[in-house]
Amino acid sequence: MHPNAQLLTDFYSAFERKDGVAMAECYAKQARFSDPVFPELDAREAGAMWRMFCERPGSDLAVTFDGVDADDDKGRAHWIARYTFPLTGRSVVNDIEATFDLADGKITRHRDSFDLWKWTRMALGVTGTLLGWTPIVQNKVRRQARSQLDRFMRDKNL
């Protein structure tokens, strides 16, 4: 296995174990993360985001992954997160494609791609079904997620 494929396997194995600290250690200091909810995070924020997901009290988060592939510079993986969205109690199965830029045994850029409207339909129910495709709802989801991350980082002194 290529060392960068092992890095990504270690990253997702840590996620399966809900070890956000180990996930954060896979990022280079200058790393960047983006996905449809968190469009631009630096390495510190991305590490805090994974910790927040892993450490959420009462979380039923279950993660599986496959399709890990990497070479000297690039990587990819497919992963699925299953959990109950805490604000609504609705079940979510989020199917995600990840791409990576890699250097010196660390992740320097991580992009997760998923259908945000599909996510809003699962997480928000009728509101997500009817309005989840609109910028108003999608931006509200982003603002709420950012607020939760900022609060988590303050509470944990990150």
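Just so it is clear, none of the values below were taken in a lab; they were calculated from the coordinates. This is a predicted model, so every value here is computed, not measured. Here the Cβ is made from the backbone with ideal geometry for all residues, glycine too, and neighbour counts use every protein chain on show.
When the Cα centres of region 1-75 and region 87-118 are compared, how far apart do they sit, in Å?
The distance from the Cα centre of region 1-75 to that of region 87-118 comes to 9 Å.
In straight Cα distance, which lysines are under 21 Å from LYS118, not counting same-chain residues fewer than 8 positions off?
In chain and number order, the partners are LYS140.
Using Cα positions and a limit of under 22 Å, work out the lysines in reach of LYS29, with same-chain residues fewer than 8 apart set aside.
LYS29 reaches LYS18, LYS74, LYS106, LYS156.
Across the Cα atoms of the chain, what radius of gyration and what greatest pairwise Cα-Cα distance (Dmax) are found, in Å?
That works out to 15.3, 46 Å for Rg and Dmax.
Once fully extended, how much extra length lies between ARG151 and ILE136, figured as 0.36 nm per residue of separation less the alpha-carbon to alpha-carbon distance?
Value of the extension gain: 3.1 nm.
Quick check on the exposure proxy: order ASP69, ASP155 from fewest to most C-beta atoms within 10 angstrom.
Working: ASP69 14, ASP155 9.
By the 10 Å Cβ count, ascending, the order reads ASP155, ASP69.
Based on other C-beta atoms within 10 Å, arrange THR108, THR120, THR129 from fewest to most.
Lowest to highest Cβ neighbour count: THR129, THR108, THR120.
Check every DSSP H run in the chain and write down those whose alpha carbon atoms cover 15 angstrom or more along the long axis and whose mean Kyte-Doolittle hydropathy is -0.5 or greater.
Long hydrophobic helices here: 3-16, 43-55.
Quick one: work out the % antiparallel among DSSP beta bridges in the chain, nearest 5.
Antiparallel bridges: around 90 percent, rounded to the nearest 5.
Just to be sure I understand the model, the point goes 7 Å from the Cα along the line to the Cβ. What's the resulting ASP104 to ARG82 distance in nm?
Using points 7 Å along Cα→Cβ, the separation is 4.0 nm.
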